[in-house]
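Comments concern the structure below.
The values are calculated or read from the model by the stated rules, or taken from the named source; none is laboratory data. Just so it is clear, the structure is predicted and the values come from calculations on it, not from any experiment. Cβ placement follows ideal geometry from the backbone for every residue including glycine, while neighbour counts extend to all protein chains displayed.
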Amino acid sequence: MTIHGILVAAGRGERFGGPKHAALLRGRPLWEWGREALRRGGVDELVVVGDVPGGVPGGARRRDSVWAGLAALPASACHVLIHDAARPLASADLVRRVIDRLLVGGVDAVVPVVPVRDTLKRVEDGWVVRTVDRRDLVAAQTPQGFKVEVLRAAHRTGDDDAGDDAVMVEWIGGSVACVEGEVANLKVTYPGDLALAEAWLS
């Protein structure tokens, strides 16, 4: 069975100060780290969305870029992993965990998650209004795995942008399973995050 992948490398990186996918980590752009992890983890055919060699053009929003990647998949594609190029430290083992859970069946999507470690506060106008119980809370990561037909249906519904693709599957009532994520699988958002990624590699 062929596993497809979409690596999203089309963001503007406004908080980073420029396109994150092109930032260098140990001399290699971030998107190449993601590509390698997906391939080593079992993705057979990969579409890179963004301004990279061999990439397909992305869109103004994340969901537009993912849709561009879906459009580039063959009509016969059944399973796909979506990964953010801004997460360069995802391991091949993590990719395999997502694929294995997706292929077990009975789910529409699979999300790697890690426990929330900090105490969470809800704040309004600079004041804490409530402390949030974190016992049932997790932080979602990528790569996320999907049945292609379900993800396409989710993207055809509504026009709201979303932080990830799993929430769009939730919006249409799809089933989303979890697998263990990785603390090292950080998302590069600010320039200082590159130093954190380097520290994990060291």
Here is a list: Arg117, Arg61. Which entry is surrounded by fewer than 18 Cβ atoms within 10 Å (Cβ to Cβ), farther than 20 Å from Pro191 by Cβ and without any contact (Cβ under 8 Å) to a residue 24 or more places away in the chain? Arg117
Residues of segment 60-72 being of a type outside the set (D, E, K, R), under 23 Å from Ala140 (Cα atoms) and assigned to a loop (DSSP other than H, G, I, E, B), in sequence order, are Ala60
Considering segment 157-171 alone, what residues qualify as being assigned to a helix (DSSP H, G or I) and over 15 Å from Gly59 (Cβ atoms)? Ala166, Val167, Val169, Glu170, Trp171
Lys147, sole failed condition from (1) in contact with a Pro (Cβ under 9 Å, 6 or more places away or on another chain); (2) among the basic types (Lys, Arg); (3) under 21 Å from Leu38 (Cβ atoms): (1)
Unmet criterion (only one of (1) under 26 Å from Val138 (Cβ atoms); (2) loosely packed, with under 15 Cβ neighbours inside 10 Å) for Ala75: (1)
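Can you go through Val138, Val179, Val167, Val188 and tell me which one is more than 24 Å from Gly106 (Cβ to Cβ) and touching a strand residue (DSSP E or B) at 6+ places or on another chain (Cβ under 9 Å)?
Val188
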Residue match in segment 99-113 (condition: more than 15 Å from Val179 (Cα to Cα), free of Cβ contacts under 8 Å to residues at least 12 places away in the same chain and either among the β-branched types (Val, Ile, Thr) or assigned to a loop (DSSP other than H, G, I, E, B) (or both)): no
Are any of the residues in segment 34-49 modelled with pLDDT of 95 or more and closer than 22 Å to Asp160 by Cβ? yes
Got a sec? Which of Leu194, Leu186, Leu137 is modelled with pLDDT under 95, touching a Leu at 6+ places or on another chain (Cβ under 8 Å) and under 20 Å from Ile82 (Cβ atoms)? Leu186
Would you tally the residues in segment 164-202 being hydrophobic (A, V, I, L, M, F, W, C) and under 16 Å from Arg26 (Cβ atoms)? 10
Test of understanding: among Val128, Val183, Val150, which residue is out of contact with any Asp or Glu (no Cβ under 6 Å at 6 or more places or on another chain), among the β-branched types (Val, Ile, Thr) and either surrounded by 15 or more Cβ atoms within 10 Å (Cβ to Cβ) or in a strand (DSSP E or B) (or both)? Val128
